[in-house]
Structure formats: structure tokens, C-alpha cells
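J.: Please see the structure below; I have some questions.
Nothing in this text is a laboratory measurement; each read-out follows from the coordinates by a stated rule. What you see is a predicted model, and the numbers here were worked out from it, not measured in a lab. All Cβ positions, glycine included, derive from the backbone under ideal geometry; neighbour counts span all protein chains shown.
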Amino acid sequence: MTRKKISIITPCYNEEGNVEACYQATRQVMEADLPQYDYEHIFADNASSDRTFALLRGLASQDKHV
């Protein structure tokens, strides 16, 4: 049986100080509280002028859920 999938969408604009914490908190909740579901965490970057996009690319390269 295929597991149901939850899509989490997080809008971002110049959030280099927050995206990693958001990612970690979401991952922890999904693994600890909702392990019966598959999930994808979609970060929607709105042309940030800081390192938000670079950090998101790094997270995506390490975790298939991002």
C-alpha cells in the first residue's frame, strides 16, 4: 500500500537565519509524530537577496524531502 503524502509549503524571503531551523523542526515532527506519512517540504523562495537560496539548495541536495 502506498503511504499518503503531506506537502508542506514554506514561503521564504531573506530567511537565511531561519530556513535551517524551519527545516529541522519540520523534519523532527514528521519523523517523530507522523512516521506513517511520506512528505515533501517545498520552500518557495521569493528572490531573496541573501543566502537563503544557497542554503535551500544545500538542504535539497542532502534530503529528498526538500
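J.: Name the one entry in Glu16, Glu40 that is assigned to a strand (DSSP E or B) and among the charged types (D, E, K, R).
T.: Glu40
J.: A further question on this structure: Which is surrounded by 14 or more Cβ atoms within 10 Å (Cβ to Cβ) and not hydrophobic (A, V, I, L, M, F, W, C), of Glu20, Glu31?
T.: Glu20
J.: Checking Asn14 against (1) at negative phi; (2) in contact with a helix residue (DSSP H, G or I) (Cβ under 9 Å, 6 or more places away or on another chain); (3) surrounded by 13 or more Cβ atoms within 10 Å (Cβ to Cβ), only one condition comes out false. Which one?
T.: (1)
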